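Every number in this text was worked out from the coordinates using simple rules, so none of it is lab data. No experiment lies behind these values; they were computed from the predicted model shown. All Cβ positions, glycine included, derive from the backbone under ideal geometry; neighbour counts span all protein chains shown.
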Amino acid sequence: MMLSIRSISAGYGPARVLFDLNLELRAGEISVILGRNGAGKSTTLKTVMAMVPLSGGQIWFSGKRIDQRSTWEIARAGMGYVPEERRIFPDLSVLENLEAGRRLPHGRAPSWSVARIFKLLPALAPLGERRAGTLSGGEQQMLAVARTLMGNPSCLLLDEPSEGLAPAVVELLATLVRTLRGEGMAVLLAEQNVRFALAVSDTAHIIEKGGLRFSGTARQLQERADLRAEYLAL
Ligand SMILES: Nc1ncnc2c1ncn2[C@@H]1O[C@H](COP(=O)(O)OP(=O)(O)O)[C@@H](O)[C@H]1O
Ligand SMILES: [Mg+2]
C-alpha cells in the first residue's frame, strides 16, 4: 500500500471538516476523490500534506506513519502535491520553474530531468524560456505537475487538475496521468469532473460533508447512476 488514510478527522480550528475518513492507494494506481464543492476534497489532500491539522486517525505512506511529520518532511519522503491554485512562479521562466522543483531522487521513484519532462510533455519543450505567467491555463497546469515531478515523488496528489481546462488539454492530462501510473507512481486526484475522473481512475471515492459515501472501483461507480445523481450532480 502506497498511501493509507485511516479513520482521519480533521478541520480548521474548532470547525471539523473531515469525519472518520478511510482511503487506500496502491503503487501504480490512480484513485479519485469526488464530491461537490465544499465536500472536503481539498481538505483531505491538505491533511495528507499536514497543511491541515489532524484531530484523529492516522496516515501511512510507504509503510511509515507520516501524520506527525511536517509538510516539508512529507514532501521529502516522496509525496508530490499540486494544489488547486497551481502554485507556479509567474515571474520565472518555465525552465527556472522546473529547476526550482528539483529534489534528490529517493526510493524507487523514477529520476526526473528537464529532458525527460519535455519528452513526456512535448508542448512545454518550446516554451522553456517563456515567463510562466504568460502561459495558457493548460500550459500552467502541465508546468505545475511537471515542477512537482522534478521532486521525484512516488505519490502524486492533484487537486482539481482539470478545472478550467479545454477538453483537448484534459485529454493530455489524462494521458499524462496514465503514463505516470505505467511507471508505478500512485496518483490521487480530487475532481469535480466526473467524466475525466472515471475515465482515468482505477478506484473512486465519494465524499459529502467530510464523510465517505462510496468507495469502489471506477467501473462500479460508472454503473451507479443513483450515487452520481445523489452526490455528484450539480
Ligand atoms: N481555511 C479554511 N478555514 C475554514 N474552513 C475552511 C477552510 N478551507 C475550507 N474550509 C471549509 O471546509 C469545507 C471543505 O472544503 P474543501 O475541502 O475546500 O472542499 P472541496 O475541495 O471538496 O470543495 C468547506 O465547508 C469549507 O468552507
Ligand atoms: Mg477543493
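Condition first: within 16 Å of ligand 2 (Cβ to nearest atom) and surrounded by 16 or more Cβ atoms within 10 Å (Cβ to Cβ). Can you find one or more residues in the stretch 65-79 that meet it? Taking every residue of the stretch 65-79 in turn, none turns out to be within 16 Å of ligand 2 (Cβ to nearest atom) and surrounded by 16 or more Cβ atoms within 10 Å (Cβ to Cβ). Keeping to the stretch 81-106, report how many residues are among the aromatic types (Phe, Trp, Tyr) and touching a helix residue (DSSP H, G or I) at 6+ places or on another chain (Cβ under 6 Å). Matching residues across the stretch 81-106 total 1. When residue 57 is tested against (1) over 19 Å from the mean Cα position of the chain (by Cα); (2) part of a loop (DSSP other than H, G, I, E, B), only condition (2) is not met.
When the residues of the stretch 24-41 are filtered to those that are under 22 Å from residue 174 (Cβ atoms) and touching a Lys or Arg at 6+ places or on another chain (Cβ under 9 Å), the one that is surrounded by the most Cβ atoms within 10 Å (Cβ to Cβ) is 34.
Applying the set (1) among the charged types (D, E, K, R); (2) surrounded by fewer than 16 Cβ atoms within 10 Å (Cβ to Cβ); (3) in contact (Cβ under 8 Å) with a residue 24 or more places away in the chain; (4) in a loop (DSSP other than H, G, I, E, B) to residue 99 leaves exactly one unmet item: (4).
Out of curiosity, is residue 10 within 16 Å of ligand 1 (Cβ to nearest atom), farther than 30 Å from residue 132 by Cα and touching a Pro at 6+ places or on another chain (Cβ under 7 Å)? Against the criterion (within 16 Å of ligand 1 (Cβ to nearest atom), farther than 30 Å from residue 132 by Cα and touching a Pro at 6+ places or on another chain (Cβ under 7 Å)), residue 10 qualifies.
Per-residue answers, yes or no, for (1) out of contact with any strand residue (DSSP E or B) (no Cβ under 7 Å at 6 or more places or on another chain); (2) surrounded by fewer than 16 Cβ atoms within 10 Å (Cβ to Cβ):
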residue	(1), (2)
171	yes, yes
179	yes, yes
187	no, no
200	no, no
203	no, no
211	no, yes
220	yes, yes
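Residue count for the stretch 5-18, restricted to those that are within 17 Å of residue 215 (Cα to Cα) and buried (at least 18 other Cβ atoms within 10 Å of the Cβ): 3.
Regarding residue 50, is this residue of a type in the set (A, V, I, L, M, F, W, C), out of contact with any strand residue (DSSP E or B) (no Cβ under 6 Å at 6 or more places or on another chain) and within 16 Å of ligand 2 (Cβ to nearest atom)? Judged against the criteria, residue 50 is not a match.
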